[in-house]
1. Being part of a loop (DSSP other than H, G, I, E, B) and touching a residue at least 24 places away in the same chain (Cβ under 8 Å) is the filter; apply it to the stretch A:95-117 and report the residue that is surrounded by the fewest Cβ atoms within 10 Å (Cβ to Cβ).
2. Please give the helices (runs of 4 or more DSSP H) falling wholly within the stretch A:173-288 in which 1 or more residues are closer than 25 Å to A:P145 by Cα and of a type in the set (G, A, S).
3. Do any helices (runs of 4 or more DSSP H) lying entirely in the stretch B:24-119 carry at least 2 residues that are surrounded by fewer than 18 Cβ atoms within 10 Å (Cβ to Cβ), and which ones are they?
4. Among the residues of the stretch A:47-85, count how many are more than 14 Å from every other protein chain (Cβ to nearest Cβ), without any contact (Cβ under 8 Å) to a residue 60 or more places away in the chain and surrounded by fewer than 18 Cβ atoms within 10 Å (Cβ to Cβ).
5. Quick one: count up the residues across the stretch A:130-158 that are within 14 Å of chain B (Cβ to nearest Cβ) and either surrounded by fewer than 20 Cβ atoms within 10 Å (Cβ to Cβ) or outside any helix (DSSP H, G or I) (or both).
6. Looking at the stretch A:189-209, can you tell me whether even one residue there is more than 16 Å from the chain's Cα centre (by Cα) and more than 14 Å from every other protein chain (Cβ to nearest Cβ)?
7. Could you list, in sequence order, the residues of the stretch B:74-111 that are at the interface with chain A (Cβ under 7 Å from one of its Cβ atoms) and over 18 Å from B:R24 (Cβ atoms)?
Amino acid sequence: MAELVAVVASTHHPFYYRASTATGEERPPFADEWVRKVEAFRQTLTRARPDVLVMVGSDHFHQLWLDNMPQFLVGKAPCYDGNFFNEEREFGLPRLVCAGQEDLSAHLLREGLDAGFDLAFSNELRIDHSITCPIITLRPQNDLPIVPVYTNIFAPPLPRPKRFVQLGRAIREMVESWPARRRVAVIGTGHLSLELGGPRQFGPHGPDPEFDRKAVEWISSGDVEGCLAEVTLDSLHLPGNATHGFMDFMLMMGVAGDGRKADYVDTYDLFHTMEAYFTWYPDGGGRS
Amino acid sequence: MSKYLLNKFLFTVDRDPELVERYRAEPRATVEWWESARANRILGCHADESSTWLCFEDAEREALAAHDYPRLFELGAHPFLTLTLFIAMFERDHPPLGFQTEYARRLAHVRLPYPDIAT
């Protein structure tokens, strides 16, 4: 059986690539510390020696559109091109190509459908910065095959927070039942408080530092029940109009397990958002 | 009200470099052309299989033609789509992050709950 060797949850700040590669007067004052934190975070994945990455993210109206919008979608393809024209234009992100792990995609789809998740699939999926950012931050050599899993945190009606946690728990079970002797890491990215296209955007900090503090506590302590008791689709409007991306962190809490404290926690208070980095090393994951 | 069609305009213009420039330079003419030629095009279908029923309401058409992004916010256009396209058109006219902070200032009067963006 496969072994779940790391669970990694992170914000996906599309400006990291440009900030970290800028030089001279173009380099922002916060870049050096940001790079230091990201490289330390990267080590937590490297140390787990994964063979395959399951990558949870959310398409930002790039390939998925309102005329045919899935709630949860699994990519099943041999390759995934990455990044779109408007991400090159606005963030300076590079185009890249990731290899796909199609047999694991097929396993997640079959087992997920049988477990009651009506997963959509795509045989030709171009991944956006919700998945390419963690490639850049966590595995810049881009040498591992991936399985992309997209969630809808963007186009209401959305699934409720509990459904994200349930899918996270199911993803863990499905990865651990994959009959391949491979080391799998599950990586998911989302947001803490975030405002886009509203009056609280691009402030000196994230729009709701108090929400961010609580969110980091929920995630780092594995307090799934406490988080579910406070977080609803309605409540997520209050910290910022794009804060529903926090539900991807809730999915990752489901993967990590109830009450499971993160083994690595770091944050970085930037303009516009609080960056947050978490890694768990499951101790019961190996059955090979 | 057609929040979906507002979003479709923002989405289809944003992903086309030529249309971004055309909408920046000639907003009213671009909106009129788009509504007559593109509004009913189903994105995954052949042109002969277009829809027959989509059109803007007057307030929506006017907000797009006037580049009035605070009004688009009030009308329930998806804020991410509006922000992305307007950054593409106008960030170049401002110092770094200047357009983004001006955008926030022009929406400073907005209070929670924000307009519903469900389509």
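1. A:A115
2. A:246-256
3. Correct list: B:27-37, B:58-65, B:69-74, B:98-106.
4. Summing the residues that are more than 14 Å from every other protein chain (Cβ to nearest Cβ), without any contact (Cβ under 8 Å) to a residue 60 or more places away in the chain and surrounded by fewer than 18 Cβ atoms within 10 Å (Cβ to Cβ) in the stretch A:47-85 gives 4.
5. Number satisfying all stated conditions: 7.
6. There is at least one residue in the stretch A:189-209 that is more than 16 Å from the chain's Cα centre (by Cα) and more than 14 Å from every other protein chain (Cβ to nearest Cβ).
7. Selection gives B:P79, B:F80, B:L97, B:T101, B:A104, B:L107, B:A108, B:V110.
Rundown of residues vs (1) farther than 30 Å from A:R36 by Cα; (2) β-branched (V, I, T), yes/no style:
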site	(1), (2)
A:C79	yes, no
A:F117	yes, no
A:S122	yes, no
A:I127	no, yes
A:C133	no, no
A:P145	no, no
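Rule-based calculations on the coordinates, nothing more; no lab input. This is a predicted model, so every value here is computed, not measured. Note that we place each Cβ from the backbone using ideal geometry, even for glycine, and neighbour counts take in every protein chain shown.
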